[in-house]
Each structure stands twice: as C-alpha cells, then as structure tokens.
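Read through the structure below, which is laid out as structure tokens, and then see the notes.
Every number here is computed from the coordinates shown, using simple stated rules; none is lab data. These numbers were taken from a predicted model, which means no experiment stands behind them. Cβ atoms come from the backbone with ideal geometry, glycine included; neighbour counts cover every protein chain shown.
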Amino acid sequence: MFAPPGYGKTILLADADVHAGRAVGWLTLDDFDNVPTVLFTYLAAMIDRIEPVDSTTLAAVARGPRALSTAVPRLARELHRLPRPTLLVLDDVHRLADRDCLDALATLLEYLPPHVQVAMAGRTRPDLPFARLRAQRDLLELQSADLALDLDETAALVAAAGRPMTRSDVRSLADRTEGWAAGVYLATLVASTPDDVALTATAVSGREGYVAEYLRSELWDVVGADDATFLTRTSVLEVVEPPVAEAISDVPGAAGRLERLAGSVQLVVRAGGAAPTYRYHNLLREFLEAELDRREPGAAAILHARVSAWYLAAGRPELAVEHALRSGDADAAAALIAAVALPTFYGGHGDTLDRWLGALDDDAFVRRPQLAVIAAWVHLLNGRPDAAERMAAIAEHASFDGPPGDGTASYASGKAMLRAVMGAGGADGVLADAAFAAAQEGPASPWHVNALWLLGSAHLLAGDIPAARATLEEAVADAGGAHATAMVALACLAALAIARADWRTAEDLARRSYAVLERARFGDIVAALPTYAVAARVAIRRGDVARARAELVHAQLVRPLASPAAPWFSVMALLEVARAYLAVSDPAGARTALHEAVEIARLRPGLGILDAALVEMRERLGAASRALAGSSTLTPAELRLLPILSTHLRFEEIAERLDVSTHTVKTQARSIYAKLDASSRSEAVERAIELGLLEPFPGLGLAGDPAAR
C-alpha cells in the first residue's frame, strides 16, 4: 500500500499482524538499508526469527556482489522451507532506492511460495515490477483512495475524539480532508468548526502546514522545555537509543524520558529489543527537524558530527561514517572513512566501504588523496579498472604532508603500494615501489603484510623464486587471522609448491588460503582467483574431479574482475586458472583464461617472467586437442549477464542496467545459449544452475519463460 503519511498504513499492517493467524516477520526500512548485503542480512534475520535459517544462507547473503545469483536464491529456498503460512511486512519501503537492492528484491518476489505473502507500505511506490505481478493476479494494491475514510468512518473517528458534529459538518470535514485519517483526527482536536480545516490530503508534511501547526500548538503544551530540546536534537537519529540520545542532546535521563514520552506522545514508539530503542513517527520527525532548524539554526550538522563521534567511540564505525557524511563535512567524513577503511574491508563489509566512497565527490579525494589510494584499491578488487585508474591519477598528482590517517607509515608509502599493484614502470617499477613500501611499513603497521606480499610478488616477477618464497612466508607469518593479503600470499605459495611438485605442502597452503576466504567472505573479489585455482589443482591431485570443477566454477564467476588496472596480478591469477583447466582436461576453458591474460599483457607489457609463462602456456595449448566451446568459455561480459537472465527483467531493461545496447544484450544472450547448449533463456538458466554457475531457485524452472523478451 502506498500513500502519504497519516493514512494509517503502518496501523493497518500492525492490525493485520495481530489478526493474521499466521507467522509474521516485520522489517522497517531506512536509508542505511540501500546496500545489498545489509538489506538481505536483515531479511534473513527476519526469516530466522520465524524459523531458523541455515548457516550457509547467512554466509551467502553477506556476499553483496553476487546478490542475484547467490543471496536471492538462498533466501527464496528459506521461504519455501517455512512450515506454516507467513506474512512478511516491509514498512517504509519508499526508503529503498539502490538499483541492485530493488532488482534483487523483485527477483525474490518472483519466487515466493504460495503460503508466504509480502505486504509493503511506503509513501511512494518503489521501482518494482508491479505491472507484472498485477497481470499475474498476484497483487492487491491499496492507495490513498482505498485508505481514505468514508463518511461513516469519518463520523466514527469524530465521535471517538469526543467532538460532536452534525452529519452535515462531518460531510464537510470528510470533503475537505479527502478522507485523510490524520487530517480528520487533527481537525477534531484543534478546529472549532469544519470550515477551519484548510487542508487537503496532498498537503502532508510535518515541516509545514496543518500538521506542523497542530504539533507546534499541542505538542509543546504536553512536554516541557527539556523534553522539547531533547526531541528536536535527537531528531537527527534514525533509531533513538538512550545512551547516544543523552550524549548528543545534553539533556539527562534519556532512558526514563523516552519511556515516558512513548507513553504520552503517540508518535514516539518503542521499537523493542533487549536494550530499549525508539523511533519517531515520520511526521513527528519531520516536524522536529524543522523545529531544530528554527530554534537552533545550523545545529543539525553539529549534532550529526556529535553522533558520529559517539558511535566511533562506542566501536560502531559504520554508523559513525554514516552520520559524518550527513553532517555535510566532507573532509571529516573522508578522514573517518580513511581511518576505518581497512578494518571495514577485512571485516567483510567491502560493499559498505564502496558506498561510502561513492558518496564523496572528486574534490574530497583531491583534498585527502590517501582516500583516493584506498578508493583505487577498492575499485581494483571489484573489477572496475576505469574508476581505479581515475583514483590513481588523483593520488599520483597530489601531495600530502603529515600522518595519512589510514594506517600507512606515510602517504608516499601508500602511493608506492598502489603503484606496485597497478604495475607502474613494469616489473622493475613494481620491485622498486614494493621495496620502498616494505622499508617504510614496520611490523606494527596494518599495511606491513600488504607491503611484504607486494615485495614477494615483485621478486617472483623478477624470477627470484627463493626471495619470493621467503618474503611471502614472512607476510603469512605476520598476517594472522582473516586477512585478504594472507589469503593471496598463501595461494601464491601453494602455486610455487605445486610447481616444485611438493603436493603435501601445496595442499596445506591451499586449505589455509581457502579457510581465510570462507571466514572473511572474500570469495567475490578478484583476490580470490588464485585461491580457487590452487584449490582446483589440489583437488585433481586427490582425484576429486567434482570438487575441482566446482572450484573452477567459482573462479569463472570471479574471473571478469581481472583487469589491466592490476596487470601482473590478473595475468598471474589467470595463468593459474588456465593450468587448473588443463588439469581437468578442459583445454577450451584454458584457452579462454589465457586469451584474457594475453589481452591484459598486451595493454600492460613488461610483466617479467609472466611474459615467458604466457608463451609457454600458448605452446602447451597448441599441442592440446581442440574442444568445442562450452560453459568454461563464457566471456566476462557473458558472465555478468548470466545472473540477470534469471530475473523478470526484459532485454531492454537489462541493457539499461548494464549500460549497453539491447542488440549487445541479445547477442551475448545467444552466445550464452550456444555455450550452454540451450535453446531458450529459461533453459540457459536451468543449465547454468546444473553447472553451478547460478544458485538454484526453489520449484521447477522459472516463473514464466522470459526467453522471448
């Protein structure tokens, strides 16, 4: 149901909750939910409160880059496992704006089981496929006109408010308010006659007009001066927790104050939980924000900065950054992002870090270029070479004095590590930059492991295998815990062990690398590519062909992230993938991986011993029998398209999402069909599921064959 505030949407949903006679899950959305991993983690938690969710599902939903192909099918299967009729409520759904979140949610709606219903409420209709659901008769829509009070309901509300009116007055009131429940209620409280109601249902805001007038005249009579200050200052919070509310408002007794206000002010609602938290109704919050601007001009930015500092001190850096961004102080936000970037990434929240960086303009990166270095790393890991090169250019042309604030020993050291991974100056340049960074970053530095890995890799490019092994082993020993760099270093050491036929060591190193990948959820960044490749080769050595092929499917899904922006790493990783394909007797897959590596080397020449390794692999494949093109030969562009084929989106809509022409999408789709030996879109999806390229959805096949779209 979609209508402006004050039409009783949430009340109606709550009433449906009470009278549902079935299991109910409730999620109120806010602006922070516009990240796939955040949204689907909350959805999984909502389902888990009804029926325990499988631990593998909880891990899958935390992998944002593959929400369509991983998280959505897992959640759909959990919904099909629910043993009883269930209602899932999504309130304030208008707050959801992220395109990836909306597409993933739309796909989940396509696969709802018959015994699960979803009820949505919001001020405006989100961009979801309601027309399709309407055509399938799977949609019940309620809008303003449906929620508006009729004459009898208006009379009942007036009577309940204790304001007697004639039938004629009630009719006049109903006409003027257009059935808007909040307007009727407020009018009965403050208007002596219906003619005093200069209000229409479209003039709905807590900031101005009738609602604001009522709240200003009535609310401040109910609460005291301290309460008024407390309410206006805490209106900057999405969720009002007593400790932070007291700290930022400078008004004592927040816990008791909120409990009392929730009992006396209808628009202050307790949100529940072991430690009580509260929410202000949207209308009240809008009014309070406007009152804050009127009473204390400019205070909102200061309060957001206070909230940010409080959350940072409380060990909640994500919320600290969110409020720093809302404070409007881009430099403060940039400094905070730089300080928490590494732990945020290593904590498995790379997509959140990505969103923070996207909220800053180029000027913020120019003023704080160490953040441009971090942004370049993030873009590299997520396979966005153009964005990485743009950030690297900002970093390269900037200078910065003083402590960088990102954990590096110096800005020069951070810049050198970025140059090293991006291959500036060829193999010799990589060695020089890595050696400089390794000398700068001491053992206490959180970047020390990264510097050692880069130095070990530089020795490898130079052909100094003993030095490479020793430095990479030092990096692993120094890392400890879930560390993406340790994962890569372990995989590289495993590949070196395989090269000298030390399979026992290789298996131990590959296992440890894979453990880091799973524990820290690094499976969807380009750094995972060597881990999947060595895991496949070790599996083949053990005779476990099925496991080897499964690992190569994982590698295939990450392979599109390899790019010229990280040339030597990408080529090295793709060569390992090609060797793994040969080990499972798939020369076609090996040729595809080699072709991608050769293209990168062509754009970024001078990669040391990798140049000779490419020639050697080409010669090996020249002697191998030619195989028909199959699923292992899917190109990066085709792999990006494949998960979207399982959605409701038409080719024209897919083209818009991918920023390509409809003709390109159709051409790539036909190529996918051929390589998967499929004759239609739905058959291609089913074949991809069989091969492990996509997660299976519950039920048989797709919800309607979209092949002709």
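A few points about this structure:
- Per-residue Cβ neighbour rank within 10 angstrom, fewest leading, Thr505, Thr592: Thr505, Thr592
- Ratio of Rg to Rh for the stretch 79-122: 1.00 [Cα atoms; Kirkwood radius as inverse mean 1/r over pairs].
- In a reduced charge model with +1 at each Lys and Arg Cβ and -1 at each Asp and Glu Cβ, the stretch 66-174 shows a dipole moment near 280 debye about its Cα centre.
- Extension reserve of the Glu652-Arg316 stretch, reckoned as 0.36 nm per residue once the Cα distance is removed: 116.8 nm
- A simple spin-label model places the labels of Ala135 and Asp611 5.7 nm from each other, with each point 7 Å out along Cα-to-Cβ.
- Cα gyration tensor shape of the stretch 467-514, rounded if a/c is under 1.5, else prolate or oblate by comparing a/b with b/c: oblate
- Relative contact order %, the stretch 329-396, counting alpha carbon pairs below 8 Å whose residues are six or more apart: 31
- Relative contact order [Cα under 8 Å, 6+ residues apart], the stretch 502-647, whole percent: 21
- The sum of -39500 (n - 2.57) across all DSSP H runs of n ≥ 4, divided by the residue count of the chain, sets its helix-only mean residue ellipticity at 222 nm to -18500 deg cm²/dmol.
- Nearest-ten-degree value, helix 369-381 long axis tilted from longest Cα axis of the chain: 70
- Modelled spin-label separation between Ala470 and Thr124, with each label point placed 7 Å from Cα along the Cα-to-Cβ direction: 6.3 nm.
- Placing unit charges on the Cβ atoms only, positive for Lys and Arg and negative for Asp and Glu, gives the chain a dipole magnitude near 2180 debye about its Cα centre.
- For Trp356, Trp26, Trp453, Trp447, order by how many other beta-carbon atoms lie within 10 Å, fewest first: Trp26, Trp447, Trp356, Trp453
- Counted over all Cα-Cα pairs of the chain, pairs farther apart than 39 Å make up 44 percent.
- Across the chain, the relative contact order, built from alpha-carbon pairs under 8 Å that are at least six residues apart, equals 9 percent.
- Relative to the longest principal axis of the Cα atoms of the chain, helix 662-675 runs at roughly 50 degrees.
- Placing a label point 7 Å from the Cα of Arg367 along the Cα-to-Cβ direction, the residues of the stretch 300-324 with a backbone N closer than 20 Å are 300-309, 320-324.
- Rounded to the nearest 5, the antiparallel percentage of DSSP beta bridges internal to the chain is 30%.
- Spin-label model, Arg81/Asp31: points 7 Å from Cα along the beta carbon direction are separated by 3.6 nm.
- What the Cβ-Cβ distance of Ala160 and Ala97 gives, at R0 = 41 Å and to the nearest 0.05, is a FRET efficiency of 0.65.
- Cα long-axis angle, helix 609-623 against the chain (0 to 90 degrees, to the nearest 10): 80
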